[in-house]
Amino acid sequence: MTVTKEAELLPAPKAEDLAAVLLETTRPNRPSALSASLTFGWRAVLKIKHVPEQLFDVTAFPIMMILMFTYLFGGALAGSPGEYIQYLLPGITVTSVVMITMYTGVAVNTDIEKGVFDRFRTLPIWRPAPMVGYILGDLLRYVLASTVIMVVGLVLGFRPGGGFVGVVLGVAVLVAFSFAFSWVWTMFGLLMRSEKSVMGVSMLFLFPLTFLSNVYVDPATMPGWLQAFVNVNPISKLVEAVRALMAGGFDGDAMMWTLGYGVVFTVVFGAWTMRLYNRK
């Protein structure tokens, strides 16, 4: 490299001058809680974009569920598949979406195993932002799963009394509840040592909650001791609220129970999640 005579004559910068320049440099503003959460949510969406196989659980799984239960049990439980789907579809929508909430915990645990969390904790951002981002990204899964089920249901003969507005309101309540319910699995994602453990524990809770409910049959046909559990099951209350909205009505009691459960899940498990996250 050739150095000109003018450059040779320039005095070397003093250390004091360099320090002054560095001190005068304006540091970038710290991102807001909303901005940081949305950024991490977009990260979760991009992971789906780069690995589209992740959408299998929100496309093929719901279709399989609705076809299997409609045609296997429809004739026996309601006289015909066409009659049964009017009762089943809101419940199977709830079941399918609630089942895939566990993947939030799996994603958290996977990032912990890869060491990504160590980087997140060093960033000058709102502490809960990564956890909120996981759930915000998964909201896309919930909407896609609900849309797929509704389309298949309409093809099979489902006719919601509440029309388009009733369906949208029902899905909105379901997505809001799923956001709150996902905090349960973020907690397990931080607590368990592997993603297989997270999935195992999730299924241990999800199967009784979804099957011991009013999703598939009227609780009045169940034994009294089982009805006692079914009637306070959070999934049953959510199904009642969604069914009423899709049918063009409004079940105030079920809606209050659903909102109450949502608040409890968010406050209790959200706080527990952040406690584990800060100690991880």
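Please identify, among V106, V232, V173, the residue showing maximal mean-square fluctuation in a Gaussian network model of the chain using a 10 angstrom Cα cutoff.
V232
Counting heavy atoms of the protein chains only and a 1.4 Å probe, report the per residue accessible area for the chain as a whole number of Å².
53 Å²
Rolling a 1.4 angstrom probe over the protein chains, ignoring ligands and nucleic acids, what is the accessible area of D253 in square angstrom, nearest 10?
So the heavy atoms of D253 present about 90 Å² to solvent.
I'm spelling it out carefully: the read-out is Cα extents along the principal axes in Å, the candidates are (i) 62, 44, 33; (ii) 98, 37, 34; (iii) 73, 71, 33, and one was derived from this structure. Which label?
(ii)
Order the following by accessible area, largest value first: R275, R121. Probe radius 1.4 Å; ligands, DNA and RNA are ignored.
Largest to smallest exposure gives the sequence R275, R121.
Got a sec? What order do K237, K49 fall in by accessible area at 1.4 Å, biggest, i.e. largest, first?
K49, K237
How far apart, in nm, are the 7 Å Cα→Cβ label points at A228 and T110?
4.2 nm
Please give the contour-minus-distance gain from T147 to A172: 0.36 nm per residue of separation, less the Cα-Cα distance, rounded to one decimal in nm.
7.8 nm
Pick from L190, L46, L259: which is most flexible by mean-square fluctuation in a GNM of the chain where alpha carbon atoms under 10 Å apart are linked?
It is L46.
For a quick check of understanding: with a 1.4 angstrom probe and all protein chains in place, what accessible area in square angstrom does T39 have, to the nearest ten?
So the heavy atoms of T39 present about 90 Å² to solvent.
For F250, F229, F164, write out the residues from largest to smallest accessible area, computed with a 1.4 angstrom probe and no ligands counted.
Sorted descending by solvent-accessible area, the residues read F164, F250, F229.
Highest first, please rank the peptides 110-120, 176-186, 127-137 by the mean number of other Cβ atoms sitting within 10 Å of their residues.
Listed from highest to lowest mean packing, they are 176-186, 127-137, 110-120.
May I ask you to derive the relative contact order of the chain, considering only C-alpha pairs under 8 Å and at least 6 residues apart, and to give it as an integer percent?
Computed value for the chain: 24 percent relative contact order.
For segment 32-279, give the percent of accessible area contributed by carbon and sulfur heavy atoms, probe 1.4 Å, rounded to a whole number.
Result for segment 32-279: 72 percent of the exposed heavy-atom area is carbon or sulfur.
With only alpha-carbon pairs counted, each pair once and no self-pairs, how large is the Kirkwood hydrodynamic radius of segment 124-199 in angstroms?
Radius from the Kirkwood sum: 14.6 Å.
Between A271 and L212, what is the label-to-label distance in nm when each label sits 7 Å out along the Cα-to-Cβ direction?
2.7 nm
From the residues T221, V116, V201, which one has its Cα farthest along the dipole of segment 112-256 in the positive direction, the dipole being from +1 and -1 charges on Cβ of Lys/Arg and Asp/Glu about the Cα centre?
V116
Across segment 25-151, how large is the tail of the calculated P(r) beyond 18 Å, expressed as a percent of all Cα pairs?
61 percent
Dividing the alpha-carbon radius of gyration of segment 175-280 by 2.2 N^0.38 Å (N being the number of residues), what value is obtained?
Against the empirical 2.2 N^0.38 Å value, I get 1.20 for segment 175-280.
The values are calculated or read from the model by the stated rules, or taken from the named source; none is laboratory data. It should be emphasised that the depicted structure is a prediction, and the values quoted were computed from it without experimental measurement. Here the Cβ is made from the backbone with ideal geometry for all residues, glycine too, and neighbour counts use every protein chain on show. Heavy atoms of the whole protein, side chains included, go into the accessibility calculation; ligands, DNA and RNA do not. Shrake-Rupley method; radii C 1.70, N 1.55, O 1.52, S 1.80 Å.
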